[in-house]
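Student: Attaching a single structure in C-alpha cells format; questions to follow.
The values are calculated or read from the model by the stated rules, or taken from the named source; none is laboratory data. Values in this document were obtained by computation on a predicted structure and should not be read as measured data. Backbone-built Cβ (ideal geometry, glycine too); neighbour counts: all protein chains shown.
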Amino acid sequence: MANERASSVWDALVDTPEEAENLRVRSQLMRAIRQVVKTWDVSQKEAAQRLHITQPRLNDLLKGKIDKFSLDALVNMLAGANLEIEVHISHKAA
C-alpha cells in the first residue's frame, strides 16, 4: 500500500474510479462558479441570491467544500453564474 501510486488526487481520495470522476467534474464546476463569483463586486449575500442559494452555502462553495455539493446542485448554479456546460466525452489514455 505504501508504494501505490494514484493516477490523480481524486483516485487517491476515493475507492472507485466512478467516485474519482464525480469528484473531478464537481471540482471543475466549483472552480468555474467560484471564478465568476470573484469577478462580481457584490456582497456574499448578493452573490448567493444570484446563484439561488443561501449565503452559508455560497461560503461552502468559496471554501471548496466539495463534499457539500452534488453535480445536480452545481449544474443548477451555472445559470445564476451566467455559465453553460459543454460536455466532451473521450476515451481515457491507456
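Student: Can you give me the number of residues within the stretch 80-94 that are surrounded by 10 or more Cβ atoms within 10 Å (Cβ to Cβ) and assigned to a loop (DSSP other than H, G, I, E, B)? Quick ask: steps written out before the conclusion?
Tutor: Narrowing the stretch 80-94 to residues surrounded by 10 or more Cβ atoms within 10 Å (Cβ to Cβ): 80-81, 83, 85.
When the remaining residues are screened for being assigned to a loop (DSSP other than H, G, I, E, B), the result is 81, 83, 85.
Qualifying residue count for the region: 3.
Student: So Leu13 passes all but one of these: (1) modelled with pLDDT under 95; (2) within 13 Å of the chain's Cα centre (by Cα); (3) not polar (S, T, N, Q). Which condition number does it fail?
Tutor: (2)
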